[in-house]
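The numbers here are math on the coordinates, done by the rules we state, and not lab data. As the structure is a prediction and not an experimental result, all values here were calculated from the model. Note: ideal-geometry Cβ built from the backbone for every residue, glycine included; neighbour counts use all protein chains shown.
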Amino acid sequence: MKAFWMTALCAAGMGCAFGVLAQTPVQWKLATGYRAESFHTRNLVQFAQDVEAASSGALRIEVHANNTLAKLADIPAAVQGGKVQAGETIMTSLVAEMPIAGADAVPFVVHSYADARRMWGLQRPLIEGHFARKGLKALYAVPWPPQGLFSVAPVKSSADFKGTRMRTYNPATVRIAELLGATPVDVPMVEVNKALAGGQLDSMITSALTGVENQVWGQIRQYYGIDAWFPKNIVFVNQQAFDAVSPQVRQAVAKAAAEAEARGWAMSETIAQDSVAELQRRGVKVERPTAELNADLKRLGERFSREWVRSVGAEANQLFIPYYTQR
Ligand code: PCA
């Protein structure tokens, strides 16, 4: 009861000192679908520690990694329904409910971390609006390293994909597999190693880091650094849970989130380079795509882009027009 009144007073903006709250800490569970060792999760744990320190223990965020609390695909609904207070997901998994989140996986729009930053700056208000309408508060987003092409055999042109099996992780990769004439095989990030070892995959488009985490060198011989897109993970909290903590704690969360975002982008960029080097050390051939493959992929990207803008409508223009004009 005491906790309830303190929370109510704090929520009403009655000014509650951290000292008082420290006796009745609030706890949020935060679910993620990625491994504990993944840089996104390490960044999340640091975020949780920063919040705890900055709020003098008034808010504890418990990070549950590796799909243990909720499966990656179920995390947004779990947070929306209040089963879990906070979560992390990959934004491109949200396209059914917020098509603009798919901007992250339109091939060959973003070519560098600087481009990705500019894109996020334009996309952020739209994404925040969609989250708010679902009763969620978006906290921060961090990109995966650029997406490259992994293959068990050398690929010379798009014709080499015909009749092969391509690992997919979102609607965009499914469409790309279809456009290449490959069979899409949906495999969660944490099961890529098993699927490869089981001989279920011939290729995939993902980050060099994901290749390293899944130790793909047993089967994968080739990595082409095509930098196709930079998908982002987004961390969010149930708005009611957020509103139930004091203004000072909310401020501590916002500050730690901004720091986590800056830290995460820097980590991603460093890890992008380290991961390619690690693939090479492990005997994966790191090559540029042939001119023919490159041209095929660019054509595919343009087609995907046209389809995407048409299906998303006004919001796509709200994002792409300033993206392409304000350089
Ligand atoms: N790794 C995740 C998403 C993007 C990435 O680089 C995956 O492959 O599922």
Efficiency by 1/(1 + (r/R0)^6): what FRET value for ALA153 and GLU259, r their Cβ-Cβ distance, R0 = 45 Å, to the nearest 0.05?
0.55
Over the chain, consider all pairs of different Cα atoms and compute the Kirkwood hydrodynamic radius from their mean reciprocal separation; express it in Å, one decimal.
20.7
Add -39500 (n - 2.57) for each DSSP H run of 4 or more in the chain, then divide by its residues: what number comes out at 222 nm, to the nearest 500 deg cm²/dmol?
-14500 deg cm²/dmol
Amide proton proximity set for TYR140, modelled H, under 5 Å, gap of 5+:
VAL235
Could you give each residue of segment 229-243 its phi-based ³J(HN,Hα) in whole Hz, using Karplus coefficients 6.51, -1.76, 1.60 with θ = phi - 60°, and x for Gly or Pro?
6, 10, x, 10, 8, 10, 10, 8, 9, 5, 4, 5, 5, 5, 5
Modelled FRET efficiency - R0 30 Å, VAL309 with GLN27, Cβ distances, 0.05 increments:
0.10
For segment 207-320, what D do you get in µm² per second when you plug the Kirkwood radius from alpha-carbon pairs into Stokes-Einstein at 25 °C and 0.890 mPa s?
137
Put in order of increasing Cβ neighbours within 10 Å, starting from the fewest, TRP144, TRP265 give TRP265, TRP144
Segment 183-263 - Kirkwood radius from inverse mean 1/r over Cα pairs (Å)
16.0
Inter-site label distance for ALA96 and ALA53 at 7 Å from Cα along Cβ, in nm
4.0
Let's test this: bin the Cα-Cα distances of segment 116-203 at 5 Å from zero up to the farthest pair and state each bin's percent.
3, 12, 17, 17, 15, 12, 11, 9, 4, 0
Could you give each residue of segment 304-311 its phi-based ³J(HN,Hα) in whole Hz, using Karplus coefficients 6.51, -1.76, 1.60 with θ = phi - 60°, and x for Gly or Pro?
4, 4, 4, 4, 5, 4, 5, 6
By a straight-distance test (C-alpha under 20 Å), which lysines pair with LYS162 as possible cross-link partners, with residues fewer than eight away in the same chain excluded?
LYS298
Would you mind checking which residues have amide H under 5 Å from LYS232's amide H? H placed 1.01 Å from N; only 5 or more apart, or other chain.
MET91, THR92, TRP144
Using alpha carbons only, what's the Rg to Rh ratio of segment 271-313 with Rh from Kirkwood?
1.22
At 0.36 nm per residue, minus the direct Cα-Cα distance, what do LEU122 and HIS64 gain on full extension? Give it in nm, one decimal, please.
17.8 nm
List the residues, sorted by chain then number, that are 5 or more residues from THR24 or on another chain and whose placed amide H is less than 5 Å from its amide H.
none
Each residue of segment 150-155 in turn: what ³J(HN,Hα) in whole Hz from Karplus with 6.51, -1.76, 1.60 and θ = phi - 60°, glycine and Pro shown as x?
9, 8, 6, 10, x, 10
Rg(Cα)/(2.2 N^0.38 Å) for segment 14-158, N = residue count:
1.23
Return MET204, MET267, MET166 ranked ascending by Cβ neighbour count within 10 Å, so the fewest neighbours appear first.
MET267, MET166, MET204
